[in-house]
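Undergrad: Structure below; questions to follow.
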Amino acid sequence: MKDARTELRDSVIVLDHFDPKAYENAEPPLVSIYLPIHRTQREDRRDEWDKVEFKDLKEEAERTLRKKFPKEEDWAGIAERLNYLLEKEDLPLWVNAGKSLGLFITNGNVFAFNLEFDVKPAVVVSDTFYVKPLLRNWQYGTQYYILELGNDRFSWVKGNRNGVKRQHLPQEVHDYFSQLFANSDDTVADMRKDEEGSLDYITLEGHLSPYHDRKSRKEVSQEEFEKFARYVNKAVDDYLVDKDTTPIILCCAPEHVNFFRKISTLCHLLPVGIEKDPAGLDGKMLLEDALTIMDAQREANVKQVLEQYALDASKDRATDDYNAIALALLERKVGVLLVQEGKDIPGTYDPKTGEMFFNPAGDPKDDLNEDPASPDLVDAFAQAALAQDAHIYVLPAEKMPADRGVAAIYRY
């Protein structure tokens with residue numbers, strides 16, 4: 001039987017993508033906290049500055065909760081989790097935090113998001129979570145994978161706008177390759193030194209630097225490489241990607257590009273890759289090449305989406321009318337939502353009924369998409385769109401198809 005501390009620890013869930021299904025049934029009150037992270041002193045625990053800042057945000061949340069929900073038993077679980085986060089300085093969410101953290105707190109859980117950009121400290125207590133600052137983190141093009149494919153080994157790298165990080169290959173991949181090639185672990189290699197595996201898999205994992213300075217056999221026949229590449233493709237498709245729709249960048253020597261693309265079954269492999277031997281790339285070089293590809297891909301996608309919007313709007317399959325968007329979200333037929341960066345529309349939207357109301361008294365300012373403005377129609381629309389797996393693009397005002405702050409393209 002779990003004790004109270006174990007239950008608290010297990011209730012803190014770090015998410016690397018926005019999954020509304022994880023907390024769509026959460027009952028109010030709900031607390032959203034956005035916290036910038038400082039790294040000046042932090043090593044294996046939270047920085048002292050972050051502790052002070054989080055303590056201030058915690059106390060602000062509690063003051064608002066007392067005002068809106070006088071019965072403290074209505075938010076006792078939230079208070080318990082806020083205290084736990086303040087007390088536990090070595091939680092993974094603190095140690096692994098990027099530039100900022102987004103925290104969604106209920107009476108039963110804490111959902112933590114690692115953000116790639118700076119935010120201003122903010123607290124929102126409401127019947128729904130405040131998601132709009134997350135849009136910049138989860139819109140297409142901010143995250144990607146890199147499949148580094150050498151002559152006889154590969155690595156799986158996760159990247160964002162700030163850096164790249166080589167991922168540990170799961171045990172399923174080890175098991176998969178160990179059934180295919182000899183010399184797949186140290187013990188076997190030591191016992192069977194006179195045998196040479198069909199590919200030098202022994203150095204694929206566990207003997208490599210976590211950065212990009214590994215070496216690979218140059219003398220590998222085309223037949224060997226093609227066999228290896230097919231297995232790599234299957235391992236990635238079956239064990240590393242699954243249902244993940246994050247775009248994938250192929251990084252391999254130019255002479256291997258055409259073959260891998262020919263046999264690849266990776267649905268989200270980008271058409272343009274890094275045509276260089278990954279053994280010659282360090283992390284900085286890899287990041288620069290990846291961002292060049294992702295920026296160009298995003299610009300191409302935005303151009304295509306805007307052209308699609310213009311065409312669909314002429315056929316009543318896209319709109320910037322608030323009421324039409326509200327109805328389309330209710331019917332779960334929004335495929336793309338375009339949101340103007342920094343735009344607030346004071347008002348409320350009920351995704352269960354499709355009802356929408358404006359708040360003429362409010363005129364919040366949010367030029368960086370970071371200040372809480374509650375209730376906010378853009379935020380409500382975004383939540384509903386994310387819940388139906390719509391693609392969201394946050395665009396500057398000059399690229400929006402109209403000046404209404406939000407637009408939608410229907411699924412069809």
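Undergrad: Please give me, ordered by residue number, the trypsin sites (Lys or Arg not before Pro) of segment 277-324 that lie in loop per DSSP and have at most 16 other Cβ atoms within 10 Å. Mind dumping the intermediate values first?
TA: On the way: sites: Lys284, Arg298, Lys303, Lys315, Arg317; in loops: Lys315, Arg317.
For trypsin sites (Lys or Arg not before Pro) across segment 277-324 that sit outside H, G, I, E and B with at most 16 neighbouring Cβ atoms in 10 Å, the list reads Lys315.
Undergrad: How big is segment 251-320 by Rg and Dmax over its Cα atoms, in Å?
TA: 17.0, 51
Undergrad: Evaluate the Debye formula for segment 225-353 with equal point scatterers sitting on the alpha carbons, no solvent, and hand back log10 of I(q)/I(0) at q = 0.16 Å⁻¹, in q order, two decimals.
TA: -0.95
Undergrad: Accessible area, 1.4 Å probe, largest first: how do Ser155, Ser126 sort? Present the calculation step by step, with values, prior to reporting the outcome.
TA: Working: Ser155 5, Ser126 25 Å².
So the residues, ranked largest to smallest area, are Ser126, Ser155.
Undergrad: Also: Show me the three semi-axes of the equivalent ellipsoid for segment 86-149, from the C-alpha gyration tensor (sqrt of 5 times each eigenvalue), largest first, rounded to whole Å.
TA: Values: eigenvalues 111, 57, 26 Å².
The equivalent ellipsoid of segment 86-149 has semi-axes of 24, 17, 11 Å.
Undergrad: Show Asp16, Asp242 ordered by accessible area, largest first, where the area counts protein heavy atoms only and the probe is 1.4 Å. The partial results should precede the final answer.
TA: Working: Asp16 80, Asp242 115 Å².
So the residues, ranked largest to smallest area, are Asp242, Asp16.
Undergrad: Here is a further query. Please list Ser11, Ser264 in order of solvent-accessible area, largest first, computed with a 1.4 Å probe with all protein chains present.
TA: If we order Ser11, Ser264 from most to least accessible, we get Ser264, Ser11.
Undergrad: Tell me, what is the Rg over Rh of segment 1-134, with Rh the Kirkwood radius over Cα pairs?
TA: On the way: Rg = 14.0 Å, Rh = 15.0 Å.
Ratio of gyration radius to Kirkwood radius: 0.93.
Undergrad: Now for a different question. Which entries of Lys21/Lys67; Lys120/Lys343; Lys158/Lys234; Lys88/Lys158; Lys120/Lys158; Lys58/Lys88 show an alpha-carbon separation above 21 angstrom in the structure shown?
TA: Values: Lys21/Lys67 29 Å; Lys120/Lys343 16 Å; Lys158/Lys234 18 Å; Lys88/Lys158 27 Å; Lys120/Lys158 26 Å; Lys58/Lys88 14 Å.
Those over the limit are Lys21/Lys67; Lys88/Lys158; Lys120/Lys158.
Undergrad: Another question, then. Mind grabbing the accessible area of Arg9 for me, 1.4 Å probe, Å², rounded to tens?
TA: Counting only protein heavy atoms, Arg9 exposes about 130 Å² to solvent.
Undergrad: Segment 227-266: percent of C-alpha pairs farther apart than 13 Å? Write down the numbers at each step before the final one.
TA: On the way: 413 of 780 pairs.
Considering segment 227-266, 53 percent of its Cα-Cα pairs are separated by more than 13 Å.
The values are calculated or read from the model by the stated rules, or taken from the named source; none is laboratory data. Please read these numbers as outputs of a predicted model, since none were measured by experiment. Positions of Cβ are generated from backbone atoms using ideal geometry, with glycine treated the same way; all protein chains shown enter the neighbour counts. Note: areas computed on protein heavy atoms with side chains; ligands, DNA, RNA excluded. Shrake-Rupley method; radii C 1.70, N 1.55, O 1.52, S 1.80 Å.
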